[in-house]
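Please treat every number below as a calculation from the coordinates, not as lab data. Here the structure is a predicted model, which is why all the values come from computation and not from measurement. Backbone-built Cβ (ideal geometry, glycine too); neighbour counts: all protein chains shown.
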Amino acid sequence: MSRATASPQTARQVPPDILPQDDPYYLEESLFAVRDRTLSLVKGLSDADATVQSMTDASPAKWHLAHTTWFFETLILVPFLKGYRPFDDTYGYLFNSYYERIGDRHPRDRRGMLTRPSLDEIRAYRAHVDAALGKLFSTRLPNSETVDLIELGMHHEQQHQELLLTDLLHLFAQNPLSPVYRMIKPGHSHEPARTDQSAVVWHEYEGGLCEIGAASDGFTYDNERPRHSVHLAPFSLADRPVTGGDWIRFIEDGGYDNPLLWLADGWALVQQENWRHPIYWRQCEGVWKAMTLGGLLPVDRSAPVSHISYFEAAAYAQWAGARLPREAEWEMAAMRLSGNAVKTANFLESGTMRPDALRAAADRQHQGPRQMFGDVWEWTQSSYCAYPGFKPLQGAAEEYNGKFMCGQFVLKGGSCATPRSHIRASYRNFFYPHQRWQFSGLRLAKDL
């Protein structure tokens with residue numbers, strides 16, 4: 001089926017690895033599998049659902065659809081497909097995000113004012129660009145520069161798949177009707193599993209000299225490179241993330257009332273914003289519930305707690321007599337896990353769309369720390385900064401990562417909204433310490 005006639009709702013299976021550069025067909029199939037999945041995420045949304053912007057940090061679903069398409073049009077089709085004509089010359093201004101080199105852009109905090117173009121017009125824009133991408137593959141074999149940009153565009157779109165979902169959740173959480181985005185698949189919480197009272201098991205590491213950062217094979221972002229050596233003191237890492245049950249005990253013990261647990265900026269926010277619990281939690285007749293993509297549901301005491309800020313994570317660690325892991329500690333521990341740690345993790349493909357409890361069988365069989373991948377992004381205490389010898393991408397993509405290396409903290413491991421093929425141990429997500437609308441959680445560490 002050609003791209004010009006393919007159904008936009010056809011969601012292909014994304015190949016497990018992206019991408020072998022010597023196989024243009026596989027590259028093409030992988031690209032359109034990613035593009036199709038994005039469309040599948042907005043299936044059933046109204047034009048209003050896809051237009052409203054709930055806060056400056058979030059973007060409307062319609063904007064995510066258009067921005068990822070603009071990326072392919074601007075960075076790939078215009079320079080590399082002879083005779084290509086942009087779908088609409090005004091879209092460059094509307095859907096550029098932060099690329100100063102490319103030109104002016106619509107203000108971020110006013111993306112929700114774009115009632116036009118409509119959701120259907122954005123779908124037509126995507127179809128136009130997808131057809132042109134198909135033509136690019138049919139008229140020429142991609143050279144190394146084109147392949148690199150297509151790979152970057154695919155992983156960029158996968159990032160926006162997760163952002164689309166977390167932004168929708170924040171939007172729906174503002175609605176007193178607690179609307180359901182999609183009926184989510186049941187997880188493992190109903191199966192015999194550990195209770196929320198399970199003691200933490202600590203895995204000890206001798207430390208010493210180790211290598212972190214991206215290996216030379218496969219796609220990686222520039223902020224993961226170069227691979228380099230770091231020296232680690234001996235440490236231990238908790239065998240599981242902090243759970244909802246753990247967090248309830250933190251609340252009940254006055255965790256949000258004790259300034260001695262908090263960093264100064266965090267305590268100021270607790271008072272200013274009246275933080276009393278994770279962002280989507282609420283008490284209903286004495287029962288803790290949380291807003292999820294499946295509507296308002298009871299807090300799963302056995303599943304990793306999510307939607308907490310760095311400040312909250314650090315306060316909890318202080319309360320627990322521990323600390324947050326350093327990025328290099330987390331990465332070293334993750335690299336020692338088997339390949340099944342990623343293959344069996346709770347990512348977007350699982351359909352649970354919320355952090356999940358481990359099955360009892362997984363508890364018995366797993367070696368090393370559990371749930372390192374999927375479920376929740378895990379805050380580390382490491383600032384997001386350049387590795388020694390860091391070199392940004394060249395050309396328009398130069399602005400992709402490097403200019404954000406200030407004031408943010410690294411998170412590791414991916415979440416229940418992250419596509420499986422997008423993640424790896426060296427992946428470096430980053431957010432500001434006050435932000436809490438992502439699927440962000442924590443795992444404890446200690447010095448030995």
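Mean-square fluctuation check for the chain, GNM, Cα pairs under 10 Å: which of Gln318, Gln371, Gln438 is largest?
Top of the fluctuation ranking is Gln318.
Relative to the longest principal axis of the chain, what angle (0 to 90°, nearest 10) does the C-alpha long axis of helix 61-72 take?
60
I need to check one value: relative contact order of region 24-173, counting alpha carbon pairs closer than 8 Å and at least 6 residues apart, in percent.
Relative contact order of region 24-173: 39 percent.
Based on the alpha carbon coordinates of the chain, what radius of gyration and maximum Cα-Cα distance (Dmax) apply, in Å?
Spelled out, the Cα radius of gyration and Dmax of the chain are 21.8, 66 Å.
If you plug each phi of region 216-225 into the Karplus form 6.51 cos²θ - 1.76 cosθ + 1.60 with θ = phi - 60°, what whole-Hz ³J(HN,Hα) values come out, in order, with x for Gly and Pro?
7, 8, x, 6, 8, 7, 5, 6, 8, 10
Based on C-alpha coordinates, I'd like the Rg and Dmax of region 115-169, in Å.
Every Cα atom of region 115-169 included, Rg and Dmax give 14.2, 41 Å.
Reachable lysines from Lys43, Cα under 19 Å, same-chain residues fewer than 8 places away excluded?
Output for Lys43: Lys62, Lys185.
Which value in deg cm²/dmol, rounded to the nearest 500, describes the helix-derived mean residue ellipticity at 222 nm for the chain, given -39,500 (n - 2.57) per DSSP H run of n ≥ 4 and division by the residue count?
Taken over the chain, the calculation gives -9500 deg cm²/dmol.
For Arg336 and Glu204 in one chain, what is 0.36 nm times their gap in residues minus the Cα-Cα distance, to one decimal in nm?
So the chain would gain 46.3 nm between Arg336 and Glu204.
In region 404-448, what is the volume of the convex hull around the alpha carbon atoms, normalised per residue and reported in Å³? Don't skip to the answer; put the middle values down first.
Values: hull volume 5.6 nm³, N = 45.
Convex hull of Cα atoms, per residue: 125 Å³.
How would you rank Tyr427, Tyr310, Tyr26, going from fewest to most other Cβ atoms within 10 Å of each one's own Cβ?
Final ranking by Cβ density, sparse to dense: Tyr26, Tyr427, Tyr310.
Say each of Asp217 and Val287 gets a label point 7 Å from the Cα, pointing the same way as Cα to Cβ; how far apart are those two points in nm?
Rounded to a tenth, the inter-label distance reads 5.0 nm.
Once the other residues with Cβ under 9 Å from the Cβ of Pro392 are scored (Lys, Arg +1; Asp, Glu -1), what is the net sum? Show your work: numbers first, answer last.
Details: positive: Lys391, Lys403; negative: Asp222, Glu398, Glu399.
So the surrounding residues net to -1.
For a Förster distance of 41 Å, can you work out the FRET efficiency between the beta-carbons of Glu349 and Glu100, rounded to the nearest 0.05?
It comes to 0.70.
State the extension gain, in nm to one decimal, for the chain segment bounded by Ala233 and Thr90, taking 0.36 nm per residue of separation less the distance between their alpha-carbons.
Going from the current span to full extension adds 46.1 nm.
Among Ser350, Ser46, Ser229, whose mean-square fluctuation peaks in a Gaussian network model of the chain (Cα, cutoff 10 Å)?
Ser46
What FRET efficiency comes out for the pair Gln394/Lys82, r = Cβ-Cβ distance, R0 = 22 Å, nearest 0.05? Walk me through the numbers before you get to the answer.
On the way: r = 23 Å, r/R0 = 1.03.
The formula returns an efficiency of 0.45 here.
Could you work out the per residue convex hull volume over the alpha carbons of region 24-173, in cubic angstrom?
Dividing the Cα hull volume of region 24-173 by its residue count gives 102 Å³.
Report the net charge of residues surrounding Trp63, where surrounding means a beta-carbon distance below 10 angstrom and charges are Lys +1, Arg +1, Asp -1, Glu -1.
Its environment carries a net charge of +2.
Tell me the label-point distance for the pair Asp109, Glu121, using the 7 Å Cα-to-Cβ offset, in nm and rounded to one decimal.
2.6
Describe numerically, in nm with one decimal, the distance between label points set 7 Å from Cα along Cα→Cβ at Asp253 and at Tyr26.
Distance between label points: 5.0 nm.
Among Arg301, Arg354, which comes first, then next, by fewest other beta-carbon atoms within 10 Å?
Starting with the residue having the fewest Cβ neighbours, the order is Arg301, Arg354.
Fewest Cβ neighbours within 10 Å first, please rank Glu349, Glu312 accordingly.
Glu349, Glu312
What is the sum of charges, Lys and Arg at +1 and Asp and Glu at -1, for the other residues whose Cβ falls under 9 Å from the Cβ of Gly351?
Overall, the nearby charge balance is +1.
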